[in-house]
Amino acid sequence: MSKHNKRYLSYLWVLLAIVVLSISAVGAQDESPLIVATQIDDVITLDPARSFETTNLTVQHATYDTLLEIRSDDLNTIMPGLAQSWEVSDDGLVYTFRLYEGTTFASGNPLTAEDVRFSWTRLKNIKGNPSFYVDAVASVEATDELTVTVTLSAPTPAFATIVTAPALSVLDSVLAKEHGATDAEDADVTDTANDWLTQNSAGSGPFILTSWTPLGEITMVRNDNYWRGPATLSGVTLRQSSDATTSLQLLERGDVDIYEDIDKDLAAQVQANADLQLVSGQTLNLTYLAISPDAKFELPLSDALVRQAIAKSIDYDGIINGLLSGYADRPPVILPLGVAGSDPSKRYERDVEGAKSLLAEAGFPDGFEMTIYAGQSSSAGIPNETLAAKIQADLAEVGITASIDLRPNTDFLTAYRAQELPFLFATWTPDYLDPSMWSDYFSYPDSGPAARILLNLPELAEIATQAAAESDPAAREALYVQYQDLHVAQASFVPLFQPQQLYAMGSNVQGFVYHPVYSMDFYAMSKS
Amino acid sequence: MLFRYVLRRLILAIPMMLGISLVLFLIYNIVQVDPLVMIVGERALDKPEIVDAAIRKWGLDRPIWEQYITYVLNMLRGDFGDSFLTKRPVVDDLVAFLPATAELALSSLAFATLMGIPLGILAGVKHRSRIDKSLWFVSLLNASLPPFWTGLIFLTIFYFYLGVAPGPGRLDPRMTAPERITGLFTVDSILAGNWAGFVSALHHLMLPTLILGGFTLALVLRVTRAAIIEEMRRDYIRTARGKGLSERRTITGHALRNVMIPLVTILGLAFAGLLSGAVMTETVFEWPGLGQYLVKAAVNLDYPAIQGGTLLIALFYVVVNMIVDILYGILDPRVRYG
């Protein structure tokens, strides 16, 4: 080897040494917060009056408080939050909330009825995506320092449940106004607090938002002034982690404490690892088939017998056990398990022979041809392609020949909304836990999925209205049972499954309980 | 001279940018997707007040030509409109996502140049030797293996099994990001005097740089090698050797100067490409950069963001090409700005 080449080689060795040294250098660690590997790429804003995605619910639950709360252990009971008590007038139009004394925001400012008035009025006037929560609210008044009086424009028994939604969080009005927040009538153009509220919180919750890096991470630190006493965790970091294998590697190496929404395929691997624990939570999400009864599509689907035949042809258990490794439940039509009024018996069972005879009765003994539409995404972790193929195979067993048309999600939603799709599957996720969250959207010819498949059934609409307005809980449940009977006979919405959400975490994480709206409650958690 | 040349090149970029924006605008209007689905979300579509407010805010009730003219006028003021998806000004989004990409692009370019040129010279000088052949094989491997695959394999080996490299992300998750000055974590950590942060940021750059830079390295290596082989046969090299110059002086003082011309072209284009965001590498390493942002925008048909991002990338190419042209003049006095 010549002298020159030796020189080049030594140059390369130096470079290599730099590479190796930097690879083996290890960064120092500070006091460790709870780190969650999850998908935060849905976040657009963290302003409670503007955000309408999923991750924001977890963050807002940690950084703000609501007047009332629904806790994980009992989804049908409303508990006090910032309000120690509340009353509803006999006509159901006036709600009076009495706040606890001495609660303060993380800033140290006292929390008063004025802050509630400000927050809810602002939510309404911003006319953002979550503003419809307060559609029924005619006015909010701070009657005195600790009393809030809300007047509704129509009786809305779901209102107390709506008050538990993170969108109705109470903001520190003094702090928020300093950063451009306003509750004025024209807040949709004059409110300039969005940028600030996306990087900071103005709440009274157990944690304080300190940063959001889009597609990166969301960081929160403990609020030492929390009115219920400070949390155990020093802070929480939600970090973006889209690849399932990498997320599990992060967890196994101890770089994250919790891996949210773990792939069902990886569940067995977690259970086999003694250092990890697997926790499942029942979501209130519903993956459903929608079958339009409308004649304009010129398909046999307009015949109720055909729709019932389809409902009988689906191999529900096969989908749950085969595609979801058993981590899902079979919900009734259309209220998921866990919601008041949900009756598990109001569902369809697989019966291939029964389906065939229904088809024959309807005049299609040899089946017919149709198309399955869906978005190019996934349902509870199953690629929609796979789910569509399973449905296609099930339909083939009763003689129906279905082709599959998967479209980019935006295109799919555009066509669904334009009432162009006669047969599709999609997923419905709730924002609050009142049954009207479903009945408002699956019953009326001018609202939600019902409108999109041109479902126009006056009896269904009528009973949905009655049930939503009924304030006696028992009578309300009875009405919802009747409501589900009508859905079963109609067979325009056929629930496929209600997925469970799986969490893998280190065995040192304690106090984790799943909640179907905000998923994690960091206040109750600790790390040893 | 130079100033007038740069100015003229920049002015010429304006009609090009307008052309690109027009094409993008027309494509969007042919696709016929309802932007409201994205702006207000599935649920709120049934609420007329919310939908009306959105239509007014985003100017969707105005004719297409008017939307385009407004767009161009705003663009000339540096306002690319608001992203449908993030609801924030596109310029703010691009400014937020660019530094992560820039940091990775710079480190990849540095890696590719510092490793690629010497290796290329070595391969060229030792033309057809065993070293040359093995380097050729490695660079072929580098250029043909998909980064999402090598990325996952590298993470599994170096992070998961060996523990010598950090996991995905730009910084140790237990650390707080340095206060944003340039947006480059390495630079900002140093400016803040945070040594541990600097080390962690550098450490996190390693694997993605190896993957992304490895691709460029292969390119640089092959171009350098080919050029060196070509140059070493020339008369002036024989003259230099004849004068009694050492082999090292012959290569670094004479051959390398001529090799730099094709190399600068390649490096310029590679750098513009790296700045446009490496989607796969960014995804595997959870790198919150431009590539991920633009893919998300494309999937959601967020056209203000697509338009702004595409124009920014076009601008990178214009500027990089201009710098390359200027470098030509410096490297080769025969090239002058006509």
Using amide H atoms built in the peptide plane, which far-off residues or other-chain residues are under 5 Å from A:VAL236 H to H? A:LEU34, A:MET220, A:VAL221
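Could you order the peptides B:183-193, A:217-227 from most to least packed, using the average number of other C-beta atoms within 10 Å per residue? Intermediate results must be reported in sequence, preceding the final value.
On the way: B:183-193: 18.0, A:217-227: 20.5.
Per-residue Cβ counts within 10 Å, averaged per peptide and sorted highest first, yield A:217-227, B:183-193.
Return the percentage of antiparallel bridges among DSSP beta bridges fully within chain A, rounded to the nearest 5 %. Before the final figure, lay out the partial values.
Details: 57 of 72 bridges.
Percentage antiparallel, nearest 5: 80.
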Evaluated over region B:161-218, the Cα radius of gyration and Dmax, each in Å: 12.3, 36
Chain B: relative contact order in percent, alpha carbon pairs under 8 Å with at least 6 residues between: 25
With each label point set 7 Å from Cα along the Cα-Cβ vector, what nm distance links A:GLU385 and B:ARG9? 4.4
Pseudo-spin-label distance A:ASP90 to B:ILE190, built 7 Å along Cα→Cβ, given in nm, is 7.8
Restraint check, A:LYS127/A:LYS177; A:LYS346/B:LYS47; A:LYS264/A:LYS356; A:LYS312/A:LYS390, Cα-Cα greater than 25 Å: A:LYS346/B:LYS47; A:LYS264/A:LYS356
Per the Kirkwood formula on distinct C-alpha pairs, the Rh of the protein assembly as shown is how many angstrom? 30.3
Rounded to the nearest 0.05, FRET efficiency between A:THR371 and B:ILE323 (Cβ-Cβ, R0 45 Å) equals 0.25
Using alpha carbon centers only, region A:185-232 is separated from region A:512-528 by a whole-angstrom value of 18
Exposure proxy check: A:MET79, B:MET260, A:MET505 ranked by fewest other beta carbons within 10 Å? A:MET79, B:MET260, A:MET505
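At R0 = 30 Å, how high is the FRET efficiency between B:VAL72 and B:VAL95 if r is their beta carbon distance? Nearest 0.05 is fine. All intermediate terms of the calculation are to be shown ahead of the outcome.
Values: r = 21 Å, r/R0 = 0.70.
Given R0 = 30 Å and the Cβ-Cβ separation, E is 0.90.
Calculate, in nm to one decimal, what A:GLU420 and A:VAL513 gain on full extension: separation in residues at 0.36 nm each, minus their alpha carbon distance. Before the final figure, lay out the partial values.
On the way: separation 93, 0.36 × 93 = 33.48 nm, distance 4.10 nm.
Extending this stretch completely gives an extra 29.4 nm.
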Helix B:303-331 versus the longest principal axis of chain B: what angle, 0 to 90°, nearest 10, using Cα atoms? 20
Given the C-alpha centroids of region A:111-143 and region A:327-383, what is the distance between them in whole angstrom? 40
Where does the Debye-calculated log10 I(q)/I(0) of region A:94-156 sit at q = 0.13 Å⁻¹, using only Cα point scatterers of equal weight, no solvent? -0.37
In degrees rounded to 10, the 0-90 angle between helix B:290-299 Cα long axis and the longest Cα principal axis of chain B is 40
Using the Karplus curve 6.51 cos²θ - 1.76 cosθ + 1.60 with θ = phi - 60°, work out ³J(HN,Hα) for each residue of region A:231-238 in order, rounded to whole Hz, and write x for Gly and Pro. 5, 7, 5, 6, x, 9, 10, 9
Helix-only estimate, please: 222 nm mean residue ellipticity of chain B, summing -39500 (n - 2.57) across DSSP H runs of length 4 or more and dividing by its residues, to the nearest 500. -24000 deg cm²/dmol
Rounded to whole Å and sorted largest first, list the principal axis extents of the Cα atoms in region A:110-254. 54, 32, 31
Taking θ = phi - 60°, what integer Hz values does the Karplus form 6.51 cos²θ - 1.76 cosθ + 1.60 yield along region A:68-78, in sequence order, with x for Gly and Pro? 10, 9, 10, 9, 4, 6, 8, 6, 10, 10, 8
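Determine Rg/Rh for region B:90-331; Rg is computed over alpha-carbon atoms and Rh is the Kirkwood hydrodynamic estimate from the same atoms. Before the final figure, lay out the partial values.
On the way: Rg = 20.1 Å, Rh = 19.6 Å.
Reported Rg/Rh, Kirkwood definition of Rh: 1.03.
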Under-5 Å amide H pairs with A:SER139, H placed in peptide plane, nonlocal only: A:THR151
The set of residues whose placed amide H lies less than 5 Å from the amide H of A:SER443, leaving out same-chain residues fewer than 5 positions away, is A:ALA450
The alpha-carbon center of region A:397-471 and that of region B:1-21 are separated, in whole Å, by 53
Using the Karplus curve 6.51 cos²θ - 1.76 cosθ + 1.60 with θ = phi - 60°, work out ³J(HN,Hα) for each residue of region A:285-300 in order, rounded to whole Hz, and write x for Gly and Pro. 7, 9, 9, 10, 8, 10, 10, 6, x, 6, 6, 4, 7, 6, 10, x
Could you give me the radius of gyration and the Dmax of region B:68-199, taking only the C-alpha atoms into account and expressing both in angstrom? 20.8, 62
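Quote the Stokes-Einstein diffusion coefficient, in whole µm² s⁻¹, for region A:286-499, based on the Kirkwood radius over alpha carbon pairs, a temperature of 4 °C and a viscosity of 1.567 mPa s.
75
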Okay, which of region B:9-32 sit inside 17 Å, backbone N to the point 7 Å along the Cα-Cβ direction of B:ILE64? B:19-32
With a ≥ b ≥ c the root eigenvalues of the C-alpha gyration tensor of region A:46-160, is it rounded (a/c under 1.5), prolate (a/b larger than b/c) or oblate? rounded
Taking only Cα atoms and a 10 Å spring cutoff, compute GNM fluctuations for chain B and point out the largest among B:VAL199, B:VAL318, B:VAL299. B:VAL299
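Roughly what % antiparallel, to the nearest 5, for the DSSP beta bridges in region A:286-499?
Working: 14 of 22 bridges.
Approximately 65 percent, going by the DSSP bridge assignments.
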FRET efficiency (A:ASP186, B:VAL164; Cβ distance; R0 45 Å; to 0.05) is 0.20
Once both labels are modelled 7 Å past Cα along the beta-carbon direction, what's the B:ILE20-A:THR54 spacing in nm? 3.5
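Read-outs throughout are calculated quantities, based only on the coordinates presented, and are distinct from any laboratory measurement. Given the structure is predicted, the values throughout are model-derived calculations rather than measurements. No Cβ is skipped: glycine too gets one built from the backbone with ideal geometry, and neighbour counts run over all protein chains shown.
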